[in-house]
Every structure is written in structure tokens, then in C-alpha cells.
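The values are calculated or read from the model by the stated rules, or taken from the named source; none is laboratory data. Worth saying up front: this structure is predicted, and the values here are computed from it rather than measured. Quick reminder, even Gly has a Cβ in these numbers, built from the backbone with ideal geometry, and neighbours come from all protein chains shown.
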Amino acid sequence: MDSREIKKQLDDLCGSHGLSKLIKRVQELEQSHLYMVSKEYGRFVNQFGLFFDVINEIMLGANYIPKEDWPKHRSLQYILINHNIKFLYSSFDQLTKGFWENSFVLSRPAYEAFIRVLYVSLHPEDSDTAFVEQKGKRKFNVTNFIRDELNVDWNDYKFYSVVSHSNKYKVLRDYVQIVKDGQKEPIVIKHKFEELEFEMGLNLLVFLCVVYLRMSIKLIATSYNESLPESLVQKAGKLADLWQNMMKTHTKRYWPQVANDIDKVFDKIISAEKIKD
């Protein structure tokens, strides 16, 4: 069968089926979910919009500031931050449209990029090992670096992995329920608002937005000019401060501790860069 015949048969098959009714229905549900989130979590939607504008304006403006005092590894960090901001938007988009699993998967690269930026500051002489394993040089491992060098007890990466690897979180939850109580409902793709998972995604996204603001302020915005005004950097700092303070009011112990850890982590890397140790 040649390519023309394959295309013809595919066209005939699609023609007889018509446009997908299910995709249209999913798109309608996305808009319904987005409307509900905008109504119930409107502050978060507006705050993310502010973050997205500010972080992109800083990254754009940083192109036009003097860089003579930048250490060699700063350009790598600049590129790392810049190329992963898209994931934060995609994560936000999917979360607000009802796909919290997608949101987690899409924010994982942004989380890894954040950890790599920290690693590069602490090991500038081995900055390339943040991406490529090299014989005779230190090996970069996200979990080990967080635990052993940052000395913080963050479990975000474990949960990212559980969702990213075949969506084990949801699979095991449903499977255990079926084993325990038997199958009571059809196994189908579901699109509905799930408050617990949505708010987990929201909290993780706020955390990532805070650390991206901190990276842009402390590492990238090293001077000001017309392209990168001080008022813009101050706005970014205020947003990060307010979000961090909000994290400290969370009823679970985990997020207040993470909020305090953020300051400790950035103090550590700034100190390491100043004394080059």
C-alpha cells in the first residue's frame, strides 16, 4: 500500500466518522471549569497573571543591562530560568481547565530547572554536570542535592514523580478502591473539579512562582535601566514576599516550613557566590 492509498483510506475513515463529539465536549468542560475557577479562585488567577507579566518583563529587560560583573555561570542560569517559564504558564493553564495531573507533569521541568540553578551557584566549576554526567566529576541528582546540600526536607519532587510516572497516584488510588469495594462505576476518563488535587496544584505552582521571582531578582536583575526599571524589580519582590507570607499561614506544617526554607536556600547560594566557596 503506497502513501497516497494510506492517506485516502485515512481521509475516508475520518470522513465517515465526522468531527469528534467527545473533543468538543471536553473543550466545553474546560471552559466550564475555567469559569468556575475564575469565580472561586479569582485572586489566584489574577495573581498568576501579575507574576507572568512581571517575570517575563524582568527576563526581557535583563538582556539590556551591563553584564561585566556577571560570573561565567550566570548566563547558563539566565537561560535555564527563561526557557522554563513556559512550563509555569502551561501548568497554570491545565490546572485551571481541570487537568490537575497535566499541571503537575508540566511543572516538574520548571522545578528541576530551579534546583539546577541552585546547583550551578554552589558548584560553578562543575556547572556543566548539571546537565551531562562526566567521568571523574561530581554527579548531579535532584533528590540527593535537595537533601544533602540544601539540607531541606522537601517532598515535592517525590509527588511530581508519582504523577509523572504513569500517573501512579490516580491509578493506585482507584485500583485500591476497586480491590477493597469492588468496581461500582465504569472505568472512564473523568473531567470534574477535584478540590484537594486542585489546591495541591495551586500550592505547588505558587511555590514555583515564588522561587522564580527570587531567582530573577537575586541572580539576574543585577542592575537597573530603562529596560529593567527598579520599580519592576520591587514589584516582583513584593509579590514574592506576599506569596511567601501567605504560605506561612497554611494550616498544614509543610508549607510554612517550605516558606522559611526558601529564604535559607537563597541566603546559602548568595553567600556561596560572594565568597566563591
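Scanning the range 221-242 for residues that are of a type in the set (Lys, Arg) and loosely packed, with under 15 Cβ neighbours inside 10 Å gives a single hit, Lys238.
Quick one: is Phe140 without any contact (Cβ under 8 Å) to a residue 40 or more places away in the chain, assigned to a helix (DSSP H, G or I) and farther than 25 Å from Glu197 by Cα? Criteria not met by Phe140. Taking the criterion of being within 23 Å of Ser231 (Cα to Cα), of a type in the set (Asp, Glu) and free of Cβ contacts under 8 Å to residues at least 40 places away in the same chain, the only residue of the range 29-64 that qualifies is Asp53. Screening Gln183 on (1) under 23 Å from the mean Cα position of the chain (by Cα); (2) at pLDDT below 95 shows it passes everything except condition (1). Please specify each residue of the range 181-220 satisfying the condition of being surrounded by fewer than 19 Cβ atoms within 10 Å (Cβ to Cβ), under 26 Å from Asn84 (Cβ atoms) and of a type in the set (S, T, N, Q). Within the range 181-220, just Asn203 meets the criteria.
Is the range 211-222 home to any residue that is farther than 27 Å from Lys72 by Cβ and not in a helix (DSSP H, G or I)? No, the conditions are met nowhere in the range 211-222. Just wondering, is there one or more residues in the range 21-37 that are at pLDDT 95 or above and under 30 Å from Gln234 (Cβ atoms)? Yes. A count restricted to the range 71-107 and to residues that are closer than 14 Å to Met200 by Cα and of a type outside the set (A, V, I, L, M) stands at 12.
When the range 56-88 is limited to residues that are in contact with a helix residue (DSSP H, G or I) (Cβ under 6 Å, 6 or more places away or on another chain) and among the aromatic types (Phe, Trp, Tyr), the one that is nearest to Phe44 (Cα to Cα) turns out to be Phe87. Inspection of the range 148-168 finds no residue satisfying the criterion of being in contact with a Ser or Thr (Cβ under 9 Å, 6 or more places away or on another chain), at pLDDT 85 or above and not polar (S, T, N, Q).
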